[in-house]
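This report concerns only the one structure given below.
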Amino acid sequence: MTTPVCTRASDAATRSHPSATYPSFTSYVRARQPVLLRTARSLTANPSDAEDLLQTALTKTYVAWERIEDHRALDGYVRRALLNTRTSQWRKRKVDEFACDELPEPEPLPGQDADPAEQQALHDAMWRAIMRLPARQRAMVVLRYYEDLSEMQTAEVLGVSVGTVKSAVSRALGKLREDPELVLVR
């Protein structure tokens, strides 16, 4: 036999809806939620985590609502609940870092024996060289080789003929081959 939790429907409504018990709490949350959410966001890096943090702090505040004597100090109470909750979460977090004798280095991909710093330097030099191209040639090179469009698609995007794309890209590649910053790479 099951014992009923609530004997009257009004008891169930009071327990399920906070405004039925504490209308002042509901009005406080409506008025101060944006400010408190900003505080929660300053404590976390993720907006979703901030919303969860604020919800937890407001739940703690709701539970202690009758014990809070000075309702003018509610912001301080909720901020303290935010900070204490965040501190507890931080202490409980799982640490996935382990000390080891050797640093794990990723295996280079086939044909990629260069140092990552050198690859980044080459990448930066290439972009500087591309930025020195005339605007039309730069647009065609970017569309052809960075966006991986065909000559026909590039011509359609720019509203020019396929022959114009071919000749402009050819001239741009010639300028890139002779760029003094990229000559050192070869």
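Bear in mind that the values in this text are calculations on the coordinates, not laboratory data. Computed from a predicted structure; not experimentally measured. Neighbour counts run over all protein chains shown; Cβ positions are idealised from the backbone, glycine included.
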Of the range 38-53, those with amide N under 11 Å from the point 7 Å along the Cα→Cβ vector of Gln89 are 40-53
Would you tally the net charge around Arg171, using a Cβ to Cβ cut-off of less than 12 Å, leaving Arg171 out, and scoring K and R as +1, D and E as -1? +4
